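**Student:** Got a structure for you, questions after.
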Amino acid sequence: MLRLHQQCASLYVPATHKNLLDIAAGKRLAQLSSLIFCTEDAVSEADLPHALQCLIEVLPLLEPHAKQQRLIRVRNAEVMHALLQSPHIQKIDGFVLPKITASNIFEYEVLVQRGFAIMPTLETAEVFIERDMLALRDILLQEPWRSAVASLRIGGNDLLGLLGMRREAGYTLYDSVLGTHIDRLVGIFKPHGFELSAPVFEFLNDADNLRREVKQDLLHGLTGKTAIHPDQIPLIESMYQVSEQDLLMAQTLMASDKAVFQYEQRMQEYSTHYKWANKILKTVESL
């Protein structure tokens, strides 16, 4: 089995975590491929100054160009500017941007200008309004934004919170009202080459429904899922596997000179399947 995406699971770590340095330096949770240091929802307003101080103290101690991808989830543009004052901020690979809309995206333009990857998060009331998502898409399609966007994140809990709702135990997010909105976001952004990552799963004792939800994430074409606890990582990682059968199918499709043919009792049509096959092969090459 081969992993579909090297950063298929990311872990949120509050910037106030007592073991922040060991985690950031890879001494703890070294198996993780992607860490997101959070200064937003995982940190109270009262603790924000402490969170910023912790990050600023940790940055000089980090090894540059680590195998583990490191990002910061900023609380707002003010927090971003405070962190950018550190001469060691280039040791961070990118930033997760909160509550992004077509109206506020330009507050973070300095990140793009300085060459950071960005992950805008879709988690405001505008997500429910198609014209607002189209306006944001049209901005992100322009350079230098397009090259900077690593993926778009879907903030499921924030979106439910706007509706005065939260997840129900025993169900996946796709069983809720958000299922149709995730469908729409995929349709708006993914045909234009944007990857979208799945919302977090907030239950720590329900592996069966986490497995069901990740399967739905994959069926919806989402790439990656952020974990809220290290125990969720192995299951998420295991779901983001490419089977040997899919790998062989992709290799056969790309090597064939036929427009349409049958392989393993399944129609293979180059014009419609080559993007899928190419993505599989490129991912395998990068591992």
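**Student:** Could you say which residue among Leu253, Leu235, Leu281, Leu247 is within 30 Å of the chain's Cα centre (by Cα), open to solvent by less than 80 Å² (accessible area, probe 1.4 Å) and farther than 19 Å from Gly221 by Cβ?
**Tutor:** Leu235 is the lone residue from the list that is within 30 Å of the chain's Cα centre (by Cα), open to solvent by less than 80 Å² (accessible area, probe 1.4 Å) and farther than 19 Å from Gly221 by Cβ.
**Student:** Additional query: Just checking, how many residues over region 190-222 are polar (S, T, N, Q) and part of a strand (DSSP E or B)?
**Tutor:** 1
**Student:** Restricting to region 116-138, name every residue that is within 14 Å of Phe106 (Cα to Cα) and open to solvent by 50 Å² or more (accessible area, probe 1.4 Å).
**Tutor:** Asp138
**Student:** For region 164-187: of the residues being touching a Phe, Trp or Tyr at 6+ places or on another chain (Cβ under 9 Å) and among the hydrophobic types (A, V, I, L, M, F, W, C), which is nearest to Leu140 (Cα to Cα)?
**Tutor:** Ile182
**Student:** Of the residues Gln53, Gln69, which is surrounded by fewer than 20 Cβ atoms within 10 Å (Cβ to Cβ) and closer than 15 Å to Ala25 by Cα?
**Tutor:** Unique residue meeting the criteria: Gln69.
**Student:** For region 76-113, which residues satisfy the criterion of being modelled with pLDDT of 95 or more and charged (D, E, K, R)?
**Tutor:** Scanning region 76-113 gives Glu78, Lys99, Glu107, Glu109.
**Student:** Oh, and also: Name the pairs whose Cβ atoms lie under 6 Å apart, with the first residue in region 21-42 and over 20 Å from Glu237 (Cβ atoms) and among the polar types (S, T, N, Q), the second open to solvent by 40 Å² or more (accessible area, probe 1.4 Å) and in a loop (DSSP other than H, G, I, E, B), and 6 or more positions between them or separate chains?
**Tutor:** The qualifying pairs are Thr39/Arg75.
**Student:** Could you check Glu107 against (1) part of a helix (DSSP H, G or I); (2) under 22 Å from Ile188 (Cα atoms) and say which number it fails?
**Tutor:** (2)
**Student:** Let me ask something additional. Cβ-Cβ distance below 7 Å, separation of 6 or more or different chains: which pairs start in region 217-229 with a residue that is over 22 Å from Ile36 (Cα atoms) and end on one that is assigned to a helix (DSSP H, G or I) and open to solvent by less than 20 Å² (accessible area, probe 1.4 Å)?
**Tutor:** Correct list of pairs: His220/Ile182.
**Student:** Oh, and also: Go through region 178-191 and give me each residue that's of a type in the set (Val, Ile, Thr) and either surrounded by 18 or more Cβ atoms within 10 Å (Cβ to Cβ) or in contact (Cβ under 8 Å) with a residue 40 or more places away in the chain (or both).
**Tutor:** If the condition is that a residue be of a type in the set (Val, Ile, Thr) and either surrounded by 18 or more Cβ atoms within 10 Å (Cβ to Cβ) or in contact (Cβ under 8 Å) with a residue 40 or more places away in the chain (or both), then Ile182, Ile188 are the ones that fit.
**Student:** Yes or no: Ser271 over 28 Å from Gly155 (Cβ atoms), polar (S, T, N, Q) and modelled with pLDDT of 90 or more?
**Tutor:** It is true that Ser271 is over 28 Å from Gly155 (Cβ atoms), polar (S, T, N, Q) and modelled with pLDDT of 90 or more.
**Student:** If I filter region 139-153 down to residues being under 16 Å from Lys225 (Cα atoms) and open to solvent by 10 Å² or more (accessible area, probe 1.4 Å), which single residue comes out as modelled with the highest pLDDT?
**Tutor:** The qualifying residue modelled with the highest pLDDT is Arg153.
**Student:** Can we say Thr172 is crowded, with 18+ Cβ neighbours inside 10 Å, within 20 Å of Thr223 (Cα to Cα) and in contact with a Gly (Cβ under 7 Å, 6 or more places away or on another chain)?
**Tutor:** No; evaluated as a whole, the condition is false for this residue.
**Student:** Filtering region 41-69 down to residues that are under 12 Å from Lys91 (Cα atoms) and not in a helix (DSSP H, G or I), which residue is modelled with the lowest pLDDT?
**Tutor:** His65
**Student:** Given region 123-177, what helices (runs of 4 or more DSSP H) lie entirely inside it while holding 2 or more residues that are farther than 28 Å from Lys215 by Cβ and without any contact (Cβ under 8 Å) to a residue 40 or more places away in the chain?
**Tutor:** 130-140, 145-148
The values are calculated or read from the model by the stated rules, or taken from the named source; none is laboratory data. No experiment lies behind these values; they were computed from the predicted model shown. Every residue, glycine as well, gets a Cβ built from its backbone with ideal geometry; the counts of neighbours run over all protein chains shown. For the accessible areas, the whole protein counts, side chains as well, though only heavy atoms, and no ligand, DNA or RNA atoms are used. Shrake-Rupley method; radii C 1.70, N 1.55, O 1.52, S 1.80 Å.
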